[in-house]
Amino acid sequence: MKILLVEDDLEFAELIEDFLSSRSIETITCDDPFKALVLNLADYDLVLLDLGLPGIDGIELCKKFREKSKIPIIISSARSSVSDKILGLQLGADDYLPKPYDPDELYARIVSLIRRTKDFNEANETSKKVFELDENSRDVKYLDNPLFLTEAEYEVMSELIRSYGSVVSKDQLIYSSPSVSSDGKSLEMVISKIRNKIKPYSTTNHIVSLRGRGYRIVE
């Protein structure tokens, strides 16, 4: 695995590089966000992005990365503002890890996110799924029919599609969907509305609820 670390604290970056190297992950550090913008993201498996960068805010950099690539992005920042976290996720980050953190947790999140993305891409390459997700335009289609989802519905549905066929817990859906309140009933309502938007095209319940575990998409 090879990741791009966008971080202007070079001492901290060196610690991360050494730790991830011991876990067989190659880390390339870029301390200049403007140079990071011109890098070929196809050369990397994941971006680990700090927010407090010189010259351009990490939130804006996250947006620009997402506009040109679907590469997994983890925001790692000492900024504890909830609004930063929500905005980062809304602009396309896949995860948010506040500093300071346990390096083992960082490693676990990197491996999990890269594996999930790889499995999702391979699944899309081998078979045509009933749901299609376009993260650049933030569109979801069912059998080539656009579903015209609200922000909350898109956040929930995109997380389910990224984990196509796997169970996604309610907590994970709420965590990854800033527009959904922490009230479980709010999530249930969003799921119900998505199902209603699918009904005109099919009577099949593609979003299955597993009691005590969460939800998953089935064909």
When the stretch 137-157 is checked residue by residue, the ones that are in contact with an Asp or Glu (Cβ under 9 Å, 6 or more places away or on another chain), surrounded by 19 or more Cβ atoms within 10 Å (Cβ to Cβ) and within 14 Å of Pro178 (Cβ to Cβ) are Tyr154
Counted residues in the stretch 87-101 being among the aromatic types (Phe, Trp, Tyr) and more than 20 Å from Val156 (Cα to Cα) come to 1
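Please determine whether any residue of the stretch 6-28 is touching a Pro at 6+ places or on another chain (Cβ under 7 Å) and under 16 Å from Ile73 (Cα atoms).
yes
Does Phe19 satisfy being among the aromatic types (Phe, Trp, Tyr), part of a helix (DSSP H, G or I) and either in contact with a Leu (Cβ under 7 Å, 6 or more places away or on another chain) or in contact (Cβ under 8 Å) with a residue 40 or more places away in the chain (or both)?
Working: among the aromatic types (Phe, Trp, Tyr): yes; part of a helix (DSSP H, G or I): yes; either in contact with a Leu (Cβ under 7 Å, 6 or more places away or on another chain) or in contact (Cβ under 8 Å) with a residue 40 or more places away in the chain (or both): yes.
Yes: the conditions hold for Phe19.
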Of (1) closer than 22 Å to Ser112 by Cβ; (2) exposed (fewer than 14 other Cβ atoms within 10 Å of the Cβ); (3) free of Cβ contacts under 8 Å to residues at least 12 places away in the same chain, Ser166 satisfies every one except (3)
Condition check: within 26 Å of Lys70 (Cβ to Cβ), in a helix (DSSP H, G or I) and modelled with pLDDT of 90 or more. Does Lys197 satisfy that? yes
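Of the residues Val208, Val190, only one is in a helix (DSSP H, G or I) and either more than 22 Å from Tyr96 (Cα to Cα) or without any contact (Cβ under 8 Å) to a residue 12 or more places away in the chain (or both); which?
Values: Val208 fails: in a helix (DSSP H, G or I).
Exactly one of Val208, Val190 is in a helix (DSSP H, G or I) and either more than 22 Å from Tyr96 (Cα to Cα) or without any contact (Cβ under 8 Å) to a residue 12 or more places away in the chain (or both), namely Val190.
Which fully enclosed strands (runs of 3 or more DSSP E) of the stretch 36-112 have 2 or more residues being of a type in the set (Val, Ile, Thr) and crowded, with 20+ Cβ neighbours inside 10 Å? Give the steps one after another, and end with the answer.
Numbers: elements: 46-49, 73-77, 95-98.
Result: 73-77.
Which is in contact with a strand residue (DSSP E or B) (Cβ under 8 Å, 6 or more places away or on another chain), charged (D, E, K, R) and at pLDDT 90 or above, of Asp9, Asp50? Even if it seems obvious, please write down each step before you answer.
On the way: Asp9 fails: in contact with a strand residue (DSSP E or B) (Cβ under 8 Å, 6 or more places away or on another chain).
Just a single option satisfies the conditions, and that option is Asp50.
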Pairs returned, first residue in the stretch 67-85 that is more than 11 Å from Leu48 (Cα to Cα), second residue that is aromatic (Phe, Trp, Tyr), beta-carbon separation under 6 angstrom, 6 or more apart or interchain, are Lys85/Tyr96
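Do the conditions hold for Val180, that is, is it of a type outside the set (D, E, K, R) and in contact with a Lys or Arg (Cβ under 6 Å, 6 or more places away or on another chain)? I'd like the intermediate steps shown before the answer.
Details: of a type outside the set (D, E, K, R): yes; in contact with a Lys or Arg (Cβ under 6 Å, 6 or more places away or on another chain): no.
It is false that Val180 is of a type outside the set (D, E, K, R) and in contact with a Lys or Arg (Cβ under 6 Å, 6 or more places away or on another chain).
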Given the conditions (1) farther than 14 Å from Ile73 by Cα; (2) among the β-branched types (Val, Ile, Thr); (3) in contact with a Cys (Cβ under 9 Å, 6 or more places away or on another chain), every one holds for Val38 apart from (3)
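The values are calculated or read from the model by the stated rules, or taken from the named source; none is laboratory data. The structure presented is a predicted model; accordingly, all values stated were derived computationally and were not measured. Positions of Cβ are backbone-derived with ideal geometry, glycine not excepted, and every protein chain shown enters the neighbour counts.
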